[in-house]
Amino acid sequence: AEVRTVPGVAQAEARRVVSGKIQLAPDFWTALELQAIPDFRHIHINRLILEQGGPLPPAEGTVLIESSTLSLASLRPEDVVSIQPVGGQIRRLKIAGIVNDPNQIPSSIRPTVYGYVTNETLRQLGVSDSYNRLYIQVAGNPQTREAIERIITNVNRRITDLGGVVLGAFIPEP
(Lines give C-alpha, C1' and ligand atoms only; values in the text may rest on other atoms or scores of the structure.)
Protein backbone atom coordinates (compact mmCIF):
# COMPACT_ATOMS: atom_id res chain seq x y z
CA ALA A 1 0.00 0.00 0.00
CA GLU A 2 2.90 2.36 0.75
CA VAL A 3 4.16 2.13 -2.82
CA ARG A 4 0.85 3.40 -4.22
CA THR A 5 1.54 6.76 -2.56
CA VAL A 6 4.71 7.33 -4.62
CA PRO A 7 4.03 10.12 -7.15
CA GLY A 8 3.52 8.69 -10.63
CA VAL A 9 2.29 5.26 -9.46
CA ALA A 10 -1.21 4.45 -10.73
CA GLN A 11 -1.39 0.81 -9.57
CA ALA A 12 0.82 -1.55 -7.57
CA GLU A 13 0.27 -5.26 -7.02
CA ALA A 14 2.49 -7.68 -5.11
CA ARG A 15 2.81 -11.41 -5.72
CA ARG A 16 4.93 -14.28 -4.51
CA VAL A 17 6.87 -16.01 -7.31
CA VAL A 18 8.45 -19.41 -6.70
CA SER A 19 10.65 -21.46 -9.00
CA GLY A 20 10.61 -25.19 -9.20
CA LYS A 21 9.96 -27.99 -11.63
CA ILE A 22 6.92 -29.79 -13.00
CA GLN A 23 6.60 -33.31 -14.39
CA LEU A 24 5.07 -33.23 -17.87
CA ALA A 25 5.62 -36.91 -18.72
CA PRO A 26 7.20 -39.93 -17.04
CA ASP A 27 10.88 -39.12 -16.50
CA PHE A 28 10.45 -35.61 -17.99
CA TRP A 29 10.56 -32.57 -15.74
CA THR A 30 10.84 -28.96 -16.85
CA ALA A 31 11.10 -25.54 -15.21
CA LEU A 32 8.10 -24.17 -13.30
CA GLU A 33 7.34 -20.64 -12.20
CA LEU A 34 4.44 -20.43 -9.74
CA GLN A 35 2.84 -17.10 -8.96
CA ALA A 36 0.69 -16.75 -5.88
CA ILE A 37 -1.90 -14.07 -6.47
CA PRO A 38 -3.44 -12.67 -3.28
CA ASP A 39 -6.76 -11.62 -4.85
CA PHE A 40 -7.72 -13.08 -8.23
CA ARG A 41 -10.89 -10.98 -8.30
CA HIS A 42 -9.00 -7.69 -8.25
CA ILE A 43 -6.09 -8.07 -10.65
CA HIS A 44 -5.41 -4.75 -12.37
CA ILE A 45 -1.91 -5.47 -13.70
CA ASN A 46 -0.93 -8.56 -15.73
CA ARG A 47 -4.50 -9.81 -15.89
CA LEU A 48 -5.20 -13.44 -16.65
CA ILE A 49 -7.76 -14.50 -19.25
CA LEU A 50 -9.51 -17.80 -18.45
CA GLU A 51 -9.57 -20.00 -21.56
CA GLN A 52 -10.63 -23.39 -20.16
CA GLY A 53 -11.93 -24.71 -16.86
CA GLY A 54 -11.95 -22.47 -13.86
CA PRO A 55 -13.03 -20.88 -11.61
CA LEU A 56 -11.10 -17.72 -10.80
CA PRO A 57 -9.77 -17.86 -8.17
CA PRO A 58 -8.73 -21.50 -8.40
CA ALA A 59 -9.75 -23.73 -5.51
CA GLU A 60 -7.20 -24.49 -2.82
CA GLY A 61 -4.85 -27.26 -3.89
CA THR A 62 -5.26 -26.50 -7.59
CA VAL A 63 -3.30 -24.56 -10.18
CA LEU A 64 -4.10 -22.55 -13.29
CA ILE A 65 -1.67 -23.25 -16.14
CA GLU A 66 -0.67 -20.63 -18.72
CA SER A 67 -1.90 -21.59 -22.20
CA SER A 68 1.49 -21.47 -23.95
CA THR A 69 2.42 -24.52 -21.85
CA LEU A 70 0.28 -26.55 -24.23
CA SER A 71 3.19 -26.25 -26.71
CA LEU A 72 5.22 -28.39 -24.27
CA ALA A 73 2.64 -30.91 -23.10
CA SER A 74 -0.95 -31.95 -23.54
CA LEU A 75 -2.53 -30.77 -20.29
CA ARG A 76 -6.22 -30.29 -19.53
CA PRO A 77 -8.33 -29.10 -16.64
CA GLU A 78 -8.78 -31.88 -14.07
CA ASP A 79 -5.36 -33.43 -14.90
CA VAL A 80 -3.12 -33.92 -11.86
CA VAL A 81 0.53 -32.88 -12.12
CA SER A 82 3.54 -33.40 -9.87
CA ILE A 83 5.47 -30.28 -8.94
CA GLN A 84 8.46 -29.57 -6.78
CA PRO A 85 9.25 -26.08 -5.54
CA VAL A 86 12.97 -25.35 -5.16
CA GLY A 87 14.03 -26.81 -1.83
CA GLY A 88 10.62 -28.42 -1.31
CA GLN A 89 8.98 -31.78 -1.63
CA ILE A 90 7.21 -33.25 -4.64
CA ARG A 91 3.49 -32.47 -4.40
CA ARG A 92 0.52 -33.10 -6.65
CA LEU A 93 -1.84 -30.38 -7.84
CA LYS A 94 -4.98 -30.64 -9.92
CA ILE A 95 -5.17 -28.31 -12.91
CA ALA A 96 -8.18 -26.06 -12.35
CA GLY A 97 -7.96 -24.38 -15.73
CA ILE A 98 -5.95 -22.92 -18.57
CA VAL A 99 -5.33 -19.16 -18.63
CA ASN A 100 -3.67 -16.76 -21.01
CA ASP A 101 -1.13 -14.37 -19.52
CA PRO A 102 -0.22 -12.01 -22.38
CA ASN A 103 2.72 -10.68 -20.36
CA GLN A 104 4.61 -13.98 -20.11
CA ILE A 105 7.31 -15.16 -22.47
CA PRO A 106 5.67 -18.08 -24.31
CA SER A 107 6.71 -21.55 -23.19
CA SER A 108 7.66 -22.35 -26.79
CA ILE A 109 10.44 -19.72 -26.49
CA ARG A 110 11.40 -20.20 -22.85
CA PRO A 111 10.59 -23.80 -21.87
CA THR A 112 8.99 -22.88 -18.57
CA VAL A 113 5.54 -23.74 -17.30
CA TYR A 114 3.79 -20.79 -15.65
CA GLY A 115 1.28 -21.63 -12.94
CA TYR A 116 -1.00 -19.45 -10.83
CA VAL A 117 -2.19 -20.40 -7.37
CA THR A 118 -3.74 -18.86 -4.28
CA ASN A 119 -1.61 -17.92 -1.29
CA GLU A 120 -3.25 -20.79 0.62
CA THR A 121 -2.15 -23.33 -2.01
CA LEU A 122 1.38 -21.97 -1.84
CA ARG A 123 1.37 -22.44 1.95
CA GLN A 124 0.10 -26.02 1.45
CA LEU A 125 3.17 -26.60 -0.72
CA GLY A 126 5.34 -25.57 2.22
CA VAL A 127 6.36 -22.26 0.66
CA SER A 128 6.14 -18.84 2.26
CA ASP A 129 3.58 -16.53 0.70
CA SER A 130 5.51 -13.37 1.55
CA TYR A 131 5.77 -11.15 -1.50
CA ASN A 132 8.90 -11.05 -3.66
CA ARG A 133 7.61 -9.43 -6.85
CA LEU A 134 5.92 -6.09 -7.35
CA TYR A 135 4.15 -4.99 -10.50
CA ILE A 136 3.80 -1.25 -11.05
CA GLN A 137 1.64 0.66 -13.50
CA VAL A 138 2.73 4.26 -13.93
CA ALA A 139 0.22 7.08 -14.15
CA GLY A 140 -0.40 9.01 -17.34
CA ASN A 141 1.33 8.06 -20.53
CA PRO A 142 5.08 8.59 -20.14
CA GLN A 143 6.70 8.95 -23.53
CA THR A 144 10.24 8.13 -22.49
CA ARG A 145 11.96 5.35 -20.64
CA GLU A 146 13.70 7.96 -18.47
CA ALA A 147 10.36 9.22 -17.12
CA ILE A 148 9.40 5.69 -16.12
CA GLU A 149 12.84 5.05 -14.61
CA ARG A 150 12.45 8.11 -12.35
CA ILE A 151 9.19 6.74 -10.95
CA ILE A 152 10.63 3.24 -10.49
CA THR A 153 13.72 4.69 -8.77
CA ASN A 154 11.41 6.47 -6.32
CA VAL A 155 9.48 3.23 -5.74
CA ASN A 156 12.76 1.38 -5.09
CA ARG A 157 13.78 4.10 -2.63
CA ARG A 158 10.44 3.81 -0.79
CA ILE A 159 10.80 0.02 -0.53
CA THR A 160 14.35 0.23 0.85
CA ASP A 161 13.37 3.04 3.26
CA LEU A 162 10.75 0.64 4.65
CA GLY A 163 13.40 -2.08 5.13
CA GLY A 164 12.71 -4.03 1.95
CA VAL A 165 15.25 -5.25 -0.56
CA VAL A 166 15.09 -4.55 -4.29
CA LEU A 167 17.11 -6.97 -6.40
CA GLY A 168 16.21 -5.58 -9.81
CA ALA A 169 13.67 -3.86 -11.98
CA PHE A 170 12.42 -4.72 -15.42
CA ILE A 171 11.01 -1.84 -17.44
CA PRO A 172 9.45 -2.64 -20.80
CA GLU A 173 9.84 -0.10 -23.58
CA PRO A 174 7.05 2.53 -23.52
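The values are calculated or read from the model by the stated rules, or taken from the named source; none is laboratory data. Because the structure is predicted, anything quoted here is derived from the model rather than measured. Reconstructed Cβ throughout: ideal geometry from the backbone, glycine too, with neighbour counts over all protein chains shown. All accessible areas refer to the heavy atoms of the entire protein, side chains included, with ligands and DNA or RNA removed. Shrake-Rupley method; radii C 1.70, N 1.55, O 1.52, S 1.80 Å.
About its Cα centre, the chain has a charge dipole of approximately 200 debye under the convention of +1 per Lys or Arg Cβ and -1 per Asp or Glu Cβ, with nothing else charged. With the simple model of a label 7 Å out from the Cα in the direction of the Cβ, Arg76 to Ser128 spans 4.0 nm.
Sorted largest first by accessible area at a 1.4 angstrom probe radius, with every protein chain in place, the residues Ile43, Ile22, Ile49 fall in the order Ile49, Ile43, Ile22.
Overall shape: prolate for the chain, with the ratio a/c of the largest to smallest alpha carbon gyration tensor axis at 1.5 or above and a/b above b/c.
For the stretch 114-132 and the stretch 1-70, write down the distance between their C-alpha centroids in whole Å. Between the Cα centres of the stretch 114-132 and the stretch 1-70 lies a distance of 10 Å. In the chain, the DSSP beta bridges split such that about 70 percent are antiparallel, to the nearest 5. From helices alone, the chain scores -4000 deg cm²/dmol at 222 nm; the rule is -39500 (n - 2.57) for each run of n ≥ 4 DSSP H residues, then divide by the residue total. Projecting the Cα atoms of Ala25, Val63, Ala73 onto the charge dipole of the stretch 23-82 (Cβ charges, centred on the Cα centre) puts Val63 farthest toward the positive pole.
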